[in-house]
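Structure, as structure tokens:
Read-outs: derived from the displayed coordinates by stated rules, not from any lab. Because the structure is predicted, anything quoted here is derived from the model rather than measured. Don't worry about glycine lacking a Cβ; one is built from the backbone with ideal geometry, like all the others, and counts go over all protein chains shown.
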Amino acid sequence: MLPLISFVFSFPISSKLSKTRMVVGIGSKNISGSFLEVIEQQGWQGLWAGNTINMLRIIPTQAIELATFECVKRTMTEAQEKWSKNECPKLQIGPVSLNLSISWISPIAVAGAAAGIVSTLACHPLEVLKDRLTVSPDIYPSISVALSKIHNDGGLGAFYAGISPTLIGMLPYSTCYYFMYETMKKSYCTAKKKKSLNRPEMLLIGALSGFTASTISFPLEVARKRLMVGALQGKCPPHMAAALSEVIREQGIMGLYRGWGASCLKVMPSSGITWMFYEAWKDILLAERRHL
């Protein structure tokens, strides 16, 4: 429910399509030009290419991601509190005794990384399917055709094409995304001497966390998209470093941020709305639990 709400109210799927085309080096180098090219080639319907699979993808992806984040954060926080009260476990190697303390580890950062990794492993086939439908609608005109063609070309393993660079790119994004949100929320509440944020503040801080995480990790997103759809153009780089080098060689350093504007247009409202509704639903569920 929550992922669908944030998806419907955030920037239209056309921004996602424009970003994907710009990142992989297809067509115009700016957002408006990319929009016009899509409309000329595919009509208005082309702006929603891959929309159905994206809606199917976003629901399980964010559900798994948020659930994993909360579970890991609570588990690590409880473990740190328990070990701070009692003596933490020790590892004895001959005469050397090592304290296995985890007090220096941020539960939020670890939970954010875990959330990104688990959701990616679970939902990566849907991401592959979405990118194929978006970039090559002539080759993959429908979900059923895409499923059949991808499986026939490479078996089940083809649905996990590009999983390594995806995980590499997801790790800094997801870690920064959750860490920035929780840190900014805590800092803001402390500065304003408030116990919690109101809805507009959640919307703003959520959008800022998405903007920051996307900006920091965007070059890895460019390399990931190049690897995932490069095979469709017959020029797939062998690994992420090669993809980054190829982008810099062809387009310069700024090429690593091609499509960044379109990405922000999607990520910021989507992130803000997601956190606003997530916090609202969490408050409602916790209030109901207290009354039981």
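Odds and ends about this structure:
- Whole-number percent relative contact order across region 95-184, with pairs defined as alpha carbons under 8 Å at least 6 apart: 47 percent
- Net charge of the neighbourhood of residue 149, taken over other residues with C-beta under 15 Å away and scored Lys/Arg +1, Asp/Glu -1, is -1.
- Taking a straight line from the alpha carbon of residue 192, these aspartates and glutamates sit under 16 Å away, with near neighbours fewer than eight places off in the same chain left out: 182, 201.
- Listed values for region 55-69 are Karplus-derived 3J(HN,Hα) couplings in whole Hz (6.51 cos²θ - 1.76 cosθ + 1.60, θ = phi - 60°), namely 5, 5, 6, 5, 5, x, 4, 6, 5, 5, 5, 5, 5, 5, 4, and x replaces Gly and Pro.
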